[in-house]
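To start, the structure itself, in structure tokens.
The values are calculated or read from the model by the stated rules, or taken from the named source; none is laboratory data. This one's a predicted model, so the numbers in the text were calculated from it and none came from an experiment. Using ideal geometry, Cβ is built from the backbone for each residue, glycine included, and neighbour counts are taken over all protein chains shown. Areas reflect the complete protein model, heavy atoms only, side chains present, ligands, DNA and RNA absent. Shrake-Rupley method; radii C 1.70, N 1.55, O 1.52, S 1.80 Å.
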Amino acid sequence: MALLHRATLRPSKLELLATWLPGRPWAAGAAGLEAAGAYRYDDPAGEVGLEAHLLRTDGGAVLHVPLSYRGAPLPGAEHALLGTMEHSVLGTRWVYDGCADPVWVAALTRAVLTGAPQAEELVDVDGELVPREPSARVTGSGREADPALPADAPLTPHDDGPATVVRTGDLDLVVVRVVGAEPAAEHVLTGTWANGGPATLAAVRPPA
């Protein structure tokens, strides 16, 4: 499950994204961002927050942006740091592009290959855990065995047009950045959200 807190964030996630995204080649100077949906996965160790955002731009595109939230810097991932934010319950959180975070990459690859479900979202309301409906639903097409990927191996993601490709073990994880792109692969992650989808959000394939 994903345990969420009723908290104040400074800056907000959308403010961090609005600063970082225009410099990404696949975002093409994205502006006027609006939240379209989001989904989460669990970190088995319970340390890293794993969330992916779907964002509409003023040009009509929908961008897919996985983020990880950490309580301390991720060594060797300075290039993927969006910034820090102050969480009124958890304190300082370091926010990274999920494609450079091995915990996120392992969770997303596992979901694509095994069909592992997204995290159930529970909000802590005065000590009571209240279920919250996710604003996006995702499903992996695979039914294979758990690949048991390392969650601490350094990663070198690279952008490839409207997608980012991450080599993990002997597989390539393809994260669709601009929704509508359709990577060729046997197993994919499909998502739906309010007024959007179904659409391919990620895929796993042998290395090219």
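Electrostatic tally near P183: other residues with Cβ closer than 15 Å to its Cβ, Lys and Arg +1, Asp and Glu -1, net -2. For the range 62-199, the alpha-carbon radius of gyration amounts to 1.11 times the rule-of-thumb value 2.2 N^0.38 Å expected for a compact globular protein. With the convex hull drawn over the C-alpha atoms of the range 25-98, the volume per residue is 110 Å³. The sum of -39500 (n - 2.57) across all DSSP H runs of n ≥ 4, divided by the residue count of the chain, sets its helix-only mean residue ellipticity at 222 nm to -3000 deg cm²/dmol.
Out of every Cα-Cα pair that the range 1-125 contains, those further apart than 21 angstrom amount to 39 percent.
Within the shell defined by Cβ-Cβ distances under 14 Å, the residues around A148 carry a net charge of -3, with Lys and Arg each +1 and Asp and Glu each -1.
Here the relative contact order of the range 1-116, from alpha carbon pairs under 8 Å that lie six or more residues apart, stands at 23 percent.
Can you give me the convex hull volume of the Cα atoms of the range 106-153, divided per residue and expressed in Å³? Enclosed volume per residue, from the Cα hull, is 106 Å³.
Longest stretch of the chain clear of exposed loop sites (trypsin sites (Lys or Arg not before Pro), DSSP loop, at most 11 other Cβ atoms within 10 Å, sites excluded): 7-142.
If you roll a 1.4 angstrom probe over the protein chains with everything in place, what fraction of the accessible area of the range 143-203 belongs to carbon and sulfur, to the nearest %?
52 percent
What separates the Cα centres of the range 42-62 and the range 112-147 is a distance of 13 Å.
Between A35, A107, A45, the GNM of the chain built on Cα springs shorter than 10 angstrom shows A45 fluctuating the most.
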